[in-house]
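This report concerns only the one structure given below.
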Amino acid sequence: MKKIIIAASLLGLSGGAYATSARLEALGSSVTDNYFINDNRSIFLNAAYVNDYADSMNMEWGTAGTLVAGTANTRLTVSAAPKAQAGFLRKSGKYVYGVNLGNESNTGVLLRMAAEGTAGELLQADNVVDVFIGSDTGSMKWGWNLLYTNSKLENSGTPTNDKEEKNMATRLGMIMGDTEAFANVSLGGESKTKATNPTEFDGSLGLHLGGAYNMGANKLVASYKSLKWDQKSNAFTSNLAVAGKYSEIVVGYGNTKDLGNGATLFTNARYQITKVDVATTNAASMTHTVLPLAVGFEAKANDWLTWRGSVSHNLTGSVKQKNIMGGGGSQNVTAQFAGALAAAFNTDTTVVTADVEKTATIANNTAVAAGASLMFGKLTVDGMVGSTVTGTKVGVLTLSNLLTRVAMTYWF
Amino acid sequence: MKKQIVIAAGLAVLSTSAFATKARLEALGQDNGGSHYIQDTRSIFRNAAHVNNFKNYVVTEWGTAAATAETLTAPHAEGGFFREMGSFAYGLYMGNEANAQNTMRAGGAGFGGTGAYGAAALVAHDNALDLFFGGDMGVQWGANVHYASNSNEPGGAALKREQSALGLGLGMIMGDLTASVNLGLSDESKEDGATAGTKFDNTGMEVNFGYGLGDLQLFAEYDKDTVKFTNGTGVAEIKTERTELVVGLAKTHEVSSTARITAAVAYSSVNGKDTPATGTATEVKNTNLPVTLTFETEANSWLTLRGSASQSVLINSTETVTATTTKLTNADTTAVNAGATLSFGKLKVDGSIGAGTGAAKAGVLTLNTAMARVGVHYWF
């Protein structure tokens, strides 16, 4: 059944009162890159938003995430099995500082899979620590973030089984009047084995640059993301070294309309192009192009309950692919990476003929989401509504899964 | 399951006498045997002197009667009562069993994860009883005696199997200074039947120290447990040992009289060593520097909500030493927990929320299992 997802930018609905992945997802927004909706998750896109969410503690329920099929240690965070994470922001004089634990990137997991010859071979960026600091100078808000991970496996008896992973990134953001800008830089992430023919993922400098301009209730956004890496894999003949690139361009518009009585209507549309290229012998490429329209609402039902919902639909959406199929030797990307791209970007793994380019419309892209916030003074409990424990939505409001992707936010 | 780190701090304001139970402590990311910095009735198991601070109540923890290791969704039944008597306080608690050792006693692996340090025929540490007594004479003091005795005489060729345990806890609270020592004097199971001479022998010691500096709390803990096992007369004895060292600091921020948040960091080193009769010993050393954040607030007159998050930062490894050495970073140490207390005047119902029907917490609030590890306490 077609669903419509409406996402809205919340610029006016007491942005300081709302925070969490569940809220963003219920409003049809991306949890990772939220361009239109003011939420405490915005600090991960534009670190200057720490100034708007000071004196709060946020906890997102979950476990280790969902295990990628065929692996023992590669996990993604999805709505039905989110990863646990939490953090706090605290104001001290003119400054705001904070720490967040466990905000792991699905994109990072996906790209590392490109290098793996064996599923789950590489250590993922785990136990992430984010440190934030920012300040409001009166004329400008700024924020800075540092991200760090470091994992190892060492075996003195079999040093060729050793593995290591480390990752460091920094985010810098500013908000000056109606203008917003951010620069998020990956300073280098690598994960590798110490085998005789090692498998390595070596990320070079990655950039996510962007900005927004607010014109009253309207917001224009634009961003560019680029991540490059070099990989070696024992799945490739002679341990061939291969380069890869991930890029994304977003241009969008959003509108927030205050409907009165504590209700807000959000509308946004964005044009997004995502490209993945891996220089295997049969050069693999994927271009994912979408223009989703999202409409969402958020309304206070009473003093303790806020409802929200959204419908979204691609006005246009297609995937163009070449050589995105698994195979041995050094000809193609691994079957595991091909599967991961299919899950994330709707590529077709049944196209197995080399150098054949396929373009297809993205099917079944109408989606409806709903969520609620239970408010107890300074404590808010957010969650998705209408999802089963597996994350599927079949039009049912059930008490078995009253709220999913639950998070708690406490303002102090 | 992700580990949680618990930081203890002196909580003086949020009606601490109203809070009790394992569910509360676990929701706050603490060890349910008592927190170093969050006061709870469970603190009596870490420092018996707290019997002076928590009195005139009855507590029951819902669960099974089984003597095997308990889990969040299959906890053990236990409970007790505590009462004041002038400047003294006393209490009786039933069912506080040595779960980890019972698993080992039944044939489970040692603290290093290897070997079999028990046998199915051995009688478990069961039907335990704890007696508490304490006084406040400027300095608060307390003592706890732990006792368990069980036997099984099947008759015939199979002769007697028996178990006995005795423990002693002593504690004091003098202003900002707290100190306690808990001794497992003996916990012995032996079998004189089909495999005569089978014997499981556990002794242990726990020393705790705490010092308050305003809203900061320094704390330290040292534990040592030793289990010796022989699987019959003339069979070589094997030994497994566990030592733990925790040093930490916690800060409590009283947001209001009905809400508080805490942040804590602790260095934790846990070492388990299995020494077989022959061959190489196995040693597992787990070193962590966990950070724990907690909040607890009265949402309204009948509901208190709490939550915690913890993760190891900077120091996070498990080293296994056998013939070779393996060292790895512990994965997925981020853990978030939540809990609630339903208050009906003097009667309170605690529980963990979001645990679902299984051990996994998938971020779901379900009314199928509204609360897990439920504990009910009544204050009189």
Given the pairs A:163/B:224; A:91/A:141; A:83/B:327; B:224/B:251, which are separated by over 23 angstrom at their Cα positions?
-> A:163/B:224; A:83/B:327; B:224/B:251
Could you work out which residue, out of A:228, A:192, A:358, moves most in a Gaussian network model of chain A, that is, has the largest mean-square fluctuation with Cα springs under 10 Å?
-> A:358
At 1.4 Å probe size, with no ligands or nucleic acids counted, give the accessible surface of residue B:37 in Å², nearest ten.
-> 0
Percent relative contact order for segment A:2-411, counting Cα pairs under 8 Å at least six residues apart, stands at 17
Alpha carbons only, please: Rg and Dmax for segment B:6-379, in angstrom.
-> 21.0, 67
Compute the acute angle (0 to 90°) between the alpha-carbon long axis of helix A:106-115 and the principal axis of greatest extent of the alpha-carbon atoms of chain A; round to the nearest 10°.
-> 0
Excluding residue B:64 itself, calculate the net charge of residues whose Cβ lies under 13 Å from the Cβ of residue B:64, where each Lys or Arg counts +1 and each Asp or Glu counts -1.
-> -4
Ignoring ligands and nucleic acids, what accessible area does residue A:303 show with a 1.4 Å probe (Å², nearest 10)?
-> 150
Total accessible area lost when A and B pair, probe 1.4 Å, Å² to nearest 100 = 3700
Between the alpha carbon centres of segment B:33-69 and segment A:332-371 the gap in Å comes to 54
Working with all protein chains in place, sort A:95, B:211 by solvent-accessible area computed with a 1.4 Å probe, largest first.
-> A:95, B:211
In nm², the average projected area of the convex hull spanned by the Cα atoms of segment A:229-288 is 6.3
Segment A:20-132 - Kirkwood radius from inverse mean 1/r over Cα pairs (Å) | 15.1
Please give the direction-averaged projected area of the C-alpha convex hull for the protein assembly as shown, in square nanometres with one decimal.
-> 35.5
For chain A, calculated [θ]222 nm from helices alone, where every DSSP H run of n ≥ 4 adds -39500 (n - 2.57) | -2000 deg cm²/dmol
Taking only protein heavy atoms and a 1.4 Å probe, the highest-to-lowest accessible-area order of B:105, B:83 is B:83, B:105
For residue A:359, the net charge from surrounding residues (Cβ-Cβ under 12 Å; K, R +1; D, E -1) works out to +1
With every protein chain left in place, what is the accessible area per residue of the protein assembly as shown in square angstrom, probe 1.4 Å?
-> 39
Relative contact order [Cα under 8 Å, 6+ residues apart], segment B:6-379, whole percent = 16
Sum of -39500 (n - 2.57) over DSSP H runs of 4+, divided by residues of chain B (222 nm, nearest 500) = -1000 deg cm²/dmol
Counting only protein heavy atoms and using a 1.4 Å probe, what share of the accessible area of segment B:6-379 belongs to carbon plus sulfur, as a whole percent?
-> 59
On each of the three principal axes the extent of the alpha-carbon atoms of segment A:107-197, given in whole Å and largest first, is 59, 24, 16
For chain A, longest principal axis from Cα atoms; helix A:335-345 axis from its Cα atoms; angle between them, nearest 10 degrees, is 20
Using alpha carbons only: equivalent-ellipsoid semi-axes of segment A:2-411, gyration tensor based, whole Å = 36, 24, 21
Candidate residues A:130, B:201: accessible-area rank, largest first, probe 1.4 Å = B:201, A:130
Nearest-10 value in Å² for the accessible area of residue A:172, using the 1.4 Å probe = 90
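The values are calculated or read from the model by the stated rules, or taken from the named source; none is laboratory data. Nothing here was measured: the structure is a model prediction, and the numbers come from that model. We place every Cβ from the backbone using ideal geometry, glycine too, and count neighbours over all the protein chains shown. These area figures cover heavy atoms from the full protein model, side chains too; ligands, DNA and RNA do not enter into them. Shrake-Rupley method; radii C 1.70, N 1.55, O 1.52, S 1.80 Å.
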